[in-house]
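Participant: I am attaching a structure below and will ask some questions about it afterwards.
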Amino acid sequence: MFKIIHKSKYFAAFSIVLFILSVTAYGIWGLRLGIDFTGGASLDLSFSNRPTTEQLATDLSTLGFEASSIVTGGDTEMLIKFQELDNAQKDAIVSGLSHYGATEVSFVTIGPSIGEELKQKSILAIGLVLAAIIVYISYAFRRVSKGPVPSWVYGIAAIVALAHDIFIPIGVFALLGHFAGVQIDALFVTALLTILGFSVHDTIVVFDRIREGLKDRAHKTFAEIVNISINTTLARSINTSVTTLIVLTALYVFGGTAIHWFVFTLILGIICGTYSSIFIASPVLLLGEWFLNRKRKIA
């Protein structure tokens with residue numbers, strides 16, 4: 001049996017360093033927002049002789065346009081995003097790319113007000129999910145309130161783990177946005193919400209095992225019960241994550257550039273989520289026990 005709890009301070013220190021670096025990166029550079037959040041235009045073109053992204057960028061520059069991003073899709077299509085583009089300019093681009101056999105598939109414009117509204121709703125959605133998780137865990141584990149820690153501590157522990165799982169990908173994309181010009185869009189928010197669901201599911205499995213262990217405490221301490229619970233769910237957590245990562249890796253390699261960063265976010269988040277459910281969430285319960293016992297002694 002692995003003595004995970006006995007070495008939890010080292011795992012916590014590693015996570016704290018990553019968390020601080022991620023928050024710092026976000027604080028310094030922020031996220032590079034795509035047109036979904038800032039407003040702009042999206043032009044989907046189909047080509048009989050599709051150019052490379054570099055060739056298309058050069059041709060657009062010659063025509064007097066600069067694309068925010070160019071993404072290939074399927075065998076013939078390319079999705080081009082601009083900060084600003086009206087119908088007349090769109091027609092000029094399609095005409096100027098006629099030597100590639102360009103035809104318009106779709107053209108969508110997003111106003112700045114719509115982008116701002118989407119940004120606000122994305123933040124609200126993540127906040128509501130976190131609040132709902134606290135309420136659900138507090139209710140589901142209400143019967144453990146007679147144990148070493150009350151049910152709301154389980155909710156707080158889960159949120160600490162989820163904050164870890166969310167901010168590390170955000171920090172990574174802050175770095176990618178600054179150094180590689182990678183933009184985030186609505187798919188990034190979708191990936192974050194997916195990570196929240198995957199991570200909290202893994203955490204609840206461990207917590208449920210702790211709850212079962214508390215029914216037959218015998219002469220075990222809370223730390224021993226937590227350590228046993230982590231070990232009994234360790235193989236299940238790793239196997240679930242590895243099989244998921246195999247599928248995501250295949251999508252990352254063969255899925256095309258349209259979902260490239262979406263899948264990358266999921267891969268990063270699932271790795272973080274698996275780590276946090278094992279090495280972060282459960283040790284936070286012990287920290288809560290220590291804090292509450294100390295508070296009782298002072299009182």
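Participant: Only one of the values (1) 6, 25, 31, 25, 11, 2; (2) 6, 24, 28, 22, 14, 5, 1; (3) 6, 23, 27, 19, 12, 8, 4, 1, 0 was calculated from this structure for P(r) over Cα pairs in 10 Å bins from 0, in percent; name its label.
Facilitator: (3)
Participant: How many angstrom lie between the C-alpha centres of the range 267-287 and the range 172-188?
Facilitator: 24 Å
Participant: For the range 40-110, rounded, prolate or oblate, judged on the Cα gyration tensor with a ≥ b ≥ c (square roots of eigenvalues), a/c < 1.5 rounded, else prolate if a/b > b/c?
Facilitator: Working: a/c = 1.37, a/b = 1.25, b/c = 1.10.
It is rounded, given that a/c, with a ≥ b ≥ c, falls under 1.5.
Participant: For the chain, what is the calculated [θ] at 222 nm in deg cm²/dmol (nearest 500), taking -39500 (n - 2.57) for each run of four or more DSSP H residues and dividing by its residue count?
Facilitator: Values: 10 runs with 207 residues, N = 299.
Roughly -24000 deg cm²/dmol at 222 nm, from the helical runs in the chain.
Participant: In addition: Could you tell me the relative contact order of the range 198-299? Use alpha-carbon pairs under 8 Å, at least six residues apart, and round to a whole percent.
Facilitator: Details: 58 pairs, mean separation 41.5, N = 102.
Result for the range 198-299 is 41 percent.
Participant: With axes computed from alpha carbons, what is the tilt in degrees of helix 260-279 against the longest principal axis of the chain, rounded to the nearest 10 within 0 to 90?
Facilitator: 10 degrees
Participant: Suppose R0 equals 45 Å. What FRET efficiency, 1/(1 + (r/R0)^6) with r the Cβ-Cβ distance, do residue 92 and residue 20 give to the nearest 0.05?
Facilitator: Details: r = 48 Å, r/R0 = 1.08.
My answer for the efficiency is 0.40.
Participant: Next question. From the backbone phi of the range 224-236, what are the Karplus-calculated ³J(HN,Hα) couplings (6.51 cos²θ - 1.76 cosθ + 1.60, θ = phi - 60°) in whole Hz, Gly and Pro given as x?
Facilitator: 5, 4, 4, 5, 5, 5, 4, 5, 6, 9, 4, 4, 5
Participant: Shifting gears a bit: If you count the DSSP beta bridges with both ends in the chain, what percent of them are antiparallel, to the nearest 5? Numbers along the way, then the final one.
Facilitator: Values: 19 of 20 bridges.
Antiparallel bridges: around 95 percent, rounded to the nearest 5.
Participant: Please enumerate, by chain and number, the lysines with C-alpha under 27 Å from the C-alpha of residue 119, excluding those fewer than 8 residues away in the same chain.
Facilitator: 81, 90
Participant: Read phi for every residue in the range 117-130 and hand back ³J(HN,Hα) as whole Hz from Karplus 6.51 cos²θ - 1.76 cosθ + 1.60, θ = phi - 60°, with x for Gly and Pro.
Facilitator: 5, 5, 4, 5, 5, 5, 5, 5, 4, 5, x, 5, 4, 4
Participant: Classify the range 8-132 as rounded, prolate or oblate from the Cα gyration tensor: take a ≥ b ≥ c as the square roots of its eigenvalues, call it rounded if a/c is under 1.5, otherwise prolate when a/b beats b/c and oblate if not.
Facilitator: Details: a/c = 2.82, a/b = 2.05, b/c = 1.37.
Prolate.
Participant: Go through 95-102, 280-287, 204-211 and give me the packing order, highest mean Cβ count within 10 Å leading. Don't skip to the end; give the middle numbers.
Facilitator: Values: 95-102: 14.8, 280-287: 23.6, 204-211: 20.5.
Packing order, densest peptide first, comes out as 280-287, 204-211, 95-102.
Participant: Residue by residue through the range 6-14, which ³J(HN,Hα) values in whole Hz follow from phi under the Karplus form 6.51 cos²θ - 1.76 cosθ + 1.60 (θ = phi - 60°), with glycine and proline marked x?
Facilitator: 5, 10, 4, 5, 6, 5, 5, 4, 4
Participant: Name the long-range amide H neighbours of residue 182: under 5 Å, sequence gap of 5 or more, or other chain; modelled H, no Pro or chain starts.
Facilitator: Placed amide hydrogens put 177 under 5 Å from residue 182.
Participant: Any idea how far the Cα center of the range 1-48 sits from the one of the range 92-166, in Å?
Facilitator: Value for the Cα centre distance between the two parts: 13 Å.
Participant: Quick one: helix 87-96 against the long Cα principal axis of the chain, what's the angle to the nearest 10°, folded into 0 to 90?
Facilitator: Taking Cα atoms only, the helix is inclined about 70 degrees.
Every number here is computed from the coordinates shown, using simple stated rules; none is lab data. These figures come from a predicted structure and were not determined experimentally. Ideal geometry is used to build each Cβ from the backbone, glycine not excepted, and the neighbour counts take in all protein chains shown.
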